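In what follows, a structure is listed as C-alpha cells, so that the remarks can point back to it.
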Amino acid sequence: MKKDLLKMLDLSGDDILSILDLADQLKYEQQHGLPHHYLEGKTLAMIFEKNSTRTRVSFETGMFQLGGHALFLSGKESQIGRGEPIQDTARVLSRYCDGIMIRTFDQAEVENLAKYADIPVINGLTDFAHPCQVLADLMTVRERMAHLNGLKLCFIGDGNNMANSLIVGGLKCGMEVAVACPEGYWPDQQVLDFAASVQGGSRFTLTGDIFEAAKDADVIFTDVWASMGQEEERAKRAVAFAGYQVNADLMAVAHPGCMVQHCLPAHRGEEITEEVFEQHADEIFDEAENRLHAQKAVMVLLMHGEI
Ligand code: CP
Ligand code: NVA
C-alpha cells in the first residue's frame, strides 16, 4: 500500500528516526559527490496554493539530485484555481506522476488528496502542519547535539502549524517540550490531546510565560506571529504577541549552548531580535539546508518503492 507524509501525528518515533538516518546518509552522499539517483525517471508534482522559497527550491533541487524531475503547479494557474475538485486532481496526477507535494490552507484538502491519489502525497505546509520543516529541524538538532532523547525543546509564539508539528515531533523523539503562547493562540486541540497522552503529559508544558518555557532549554524555536493567510490580522496579532520574542534576556535563562531555530522567513524585531538571529545564523541556515536532505529522504522512502 502506498504511504503518505501528511502530518507528524501519523509517524511513529521509529519512523522519524529512520527518515533522519536516511537524510544523514543522503547528505553525506551529496557532500562527497557519491551518486544517489534513487528516483531516476520519477516525477513529483508540486502544488502551491501559498507562497514559498525554501519548500519549492528544496523539493525541486532534491528531485533533480535524485535523478528525477519536479514540476511546479500554482493553485492560481492550474485548474485547481478554477474549482476543479481535489479528488479529480488526485486521480489525474496519479496517471502522470509518481508523487505529489502540496502546500495549501486546509489540512482536510491534503488528507482528501491523499485519499484519492494512488501515489504518495507529501504535505508541504497547511494551516495545521508543516511536517517536512520539522523533520529538517529534528535533523539539525540531532546533528549538533548528537541525540534528541531527553533534550528540552522550547517554542515561543503562535500555536500554529510549526508549534503543532514541533510538539508532536519532539515528544515522539523523547524530548521534553515547553510551549509559550498567548491566551487564545494555543496549539490545535488534537495536538494538545496527543501531548497529554504521552506519559500522562509529564513531558509537555503549555504556558503564557516565555521564561518558564525557555528555562534550561536546549533548543528554542520561534516563528512569525502572523502566518500566510493571516495577513489581515497582523496589527491585532502584533498586540497579542508583544513580549513573545526570542531575545538576549530569554536566551539568558536557557541552557548554556542552547540552539536557536527558525523555519524562516523571519521578522526581525518581532518574534526574534536581529542580535539573536545573527548569533545563531549558522544553525538557522543549516536548518534551511536540511530541508533538502530531509525531504530527499522522505521522497526516497515514499517513492522508491523498495527501501
Ligand atoms: N520554511 C519554509 O517552509 O519556507 P518557505 O515558505 O520559503 O517554503
Ligand atoms: N507559520 C508560517 C510558516 C512558514 C514557513 C506560515 O504558515 O506562514
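Just so you know, all these numbers are worked out from the coordinates, no wet-lab data involved. Keep in mind it's a predicted model, so treat the numbers as computed, not measured. No Cβ is skipped: glycine too gets one built from the backbone with ideal geometry, and neighbour counts run over all protein chains shown.
Of note:
- Cα gyration tensor shape of region 111-161, rounded if a/c is under 1.5, else prolate or oblate by comparing a/b with b/c: oblate
- By definition, a body whose alpha carbon gyration tensor gives a ≥ b ≥ c is oblate when a/c is 1.5 or more and a/b is not larger than b/c, and region 176-226 fits this oblate description.
- To the nearest ten degrees, helix 161-172 and the longest principal axis of the Cα atoms of the chain are 90 degrees apart.
- Each other residue within a Cβ distance under 15 Å of I80 adds +1 if Lys or Arg and -1 if Asp or Glu, for a net charge of -1.
- Inverting the pair-averaged 1/r between distinct Cα atoms of the chain gives 19.6 Å as its Kirkwood hydrodynamic radius.
- The coefficient of translational diffusion for region 1-110, derived via Stokes-Einstein from the alpha carbon Kirkwood radius under 20 °C and 1.002 mPa s, stands at 138 µm²/s.
- Applying the Karplus relation 6.51 cos²θ - 1.76 cosθ + 1.60 with θ = phi - 60° to region 135-146 yields 3J(HN,Hα) values of 5, 5, 5, 5, 4, 5, 5, 5, 4, 8, 9, 6 Hz, where x marks Gly and Pro.
- All distinct Cα pairs of region 142-204 go into the 1/r average, and the inverse of that average, the Kirkwood radius, is 11.8 Å.
- Alpha-carbon Rg with Dmax, taken over region 178-307, Å: 16.7, 51
- Reachable lysines from K115, criterion Cα separation under 19 angstrom, eight or more residues apart if same chain: K2, K3, K7
- Hydrodynamic analysis of region 74-170 uses the Kirkwood radius over alpha carbon pairs. Inserted into Stokes-Einstein at 25 °C and 0.890 mPa s, it gives a translational diffusion coefficient of 163 µm²/s.
- A simple charge model with +1 on the Cβ of Lys and Arg, -1 on the Cβ of Asp and Glu and nothing else charged puts the dipole of the chain at about 700 debye relative to its Cα centre.
- For the chain, the longest principal axis of the C-alpha atoms and the axis of helix 54-65 are separated by about 40°.
- With all pairs of separate Cα atoms included, region 141-252 yields a Kirkwood hydrodynamic radius of 14.2 Å.
- I122 long-range amide H proximity, modeled H, under 5 Å: L5, I100, M101, I102
- Per-residue ³J(HN,Hα) for region 72-77, Karplus 6.51 cos²θ - 1.76 cosθ + 1.60, θ = phi - 60°, Hz, x for Gly and Pro: 8, 10, 7, x, 5, 7
- When only the Cβ of Lys, Arg, Asp and Glu is charged (+1, +1, -1, -1), the dipole of region 87-157 relative to its Cα centre reaches about 260 debye.
- Every Cα-Cα pair in region 21-63 was counted, and those over 17 Å apart are 44% of them.
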